[in-house]
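Before any comments, here is the structure.
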Amino acid sequence: MKAVLFDLDGTLFDTAPDFIRVLNQLRREEQLPPLPDSEIRAVVSNGARALVTLGFGTDENHPTFEGLRQRLLDLYLAHLAEKTQPFPGIEPLLHRLSERGIAWGIVTNKPEAYTTPLMRAFSHLPTPGAVICPEHVANRKPDPEPILLACQQIGCRPEEAIYAGDHERDIAAGRAAGLPTIACSYGYIDNGDDPARWGADHLVHSAEEIWPLLQRHYIENSELGPFNTSGLKTSL
């Protein structure tokens, strides 16, 4: 194995606290009471449009929608990384990968304008081999193009990498790109959704489970070959 790729929001970093703060701040500006944290967390992976729909009950055709969306994004840019943290287990995982000479990267649908300053706030982490945002490709996830570009930038074949994400589109993109996949149920899961049904090769319930999984199936078991995933459906 040469690379481990991650989705960003809900997989690598817990960015929900900053989104919770700014959405409820925007609701206060509109003379509305705050929403429960759990309701906001569940839709963070679906982006600003989903947050505006949740917060104000409007769709993209409503005349106030775009103004609310832009105000939300402006507030987020002003406050990103204030409460955001890597999920427990992520920081030691990245250091272990670096010590093994295994690259890591990010493939996200988060725009570069927010991804770049967020990553700058965590510059103490090992340097990623690739950070792919929607602006870098013609087609965003669930299309495989961003994952394939990350592999190209890192210098590995798709079968030499693995992709972890907290949304069904992440798993669809990884599978379409030819990578083994890890569904992360600790992330931002829509109400009623079930990560066990996404068709991932593995399912983890905390980021701390990723390193043992990699050791078990992709690092120490060299006799299986780099990515012999047949029969390795696992739920740790």
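The values are calculated or read from the model by the stated rules, or taken from the named source; none is laboratory data. All values reported here derive from a predicted model rather than from experimental measurement. Glycine also receives a Cβ, built like all others from the backbone with ideal geometry; neighbour counts cover every protein chain displayed. Heads up: the accessible areas ignore ligands, DNA and RNA and are worked out on the full protein's heavy atoms, side chains in. Shrake-Rupley method; radii C 1.70, N 1.55, O 1.52, S 1.80 Å.
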Throw me the Rg/Rh for the stretch 28-174, computed over C-alpha atoms with Kirkwood Rh, two decimals. 1.00
Which percent, nearest 5, of DSSP beta bridges in the chain are antiparallel? 10
Once both axes come from the Cα atoms, what is the angle between helix 168-177 and the longest principal axis of the chain, in degrees from 0 to 90, rounded to 10? 40
Specify the angular offset, from 0 to 90 degrees and rounded to the nearest 10, of the alpha carbon long axis of helix 145-154 from the longest principal axis of the alpha carbons in the chain. 50
If I compute solvent accessible area with a 1.4 Å probe over the protein chains, what percent of it on the chain is carbon and sulfur? 48
If R0 = 35 Å, then Glu99 and His205, at their Cβ-Cβ distance, give a FRET efficiency to the nearest 0.05 of 0.90
Just order 72-79, 120-127 by mean Cβ neighbour count inside 10 Å, highest at the front, would you? 72-79, 120-127
Quick one: accessible area per residue over the chain, 1.4 Å probe, rounded to a whole number of Å²? 44
Could you rank the peptides 203-211, 172-180 by their average count of other C-beta atoms within 10 Å per residue, with the highest value first? 172-180, 203-211
Summing -39500 (n - 2.57) over every DSSP H run of at least 4 in the chain, dividing by its residue total and rounding to the nearest 500, the 222 nm mean residue ellipticity is -11000 deg cm²/dmol
With everything on Cα atoms, drop me the angle between helix 16-29 and the longest principal axis of the chain, reported from 0 to 90° to the nearest 10. 10
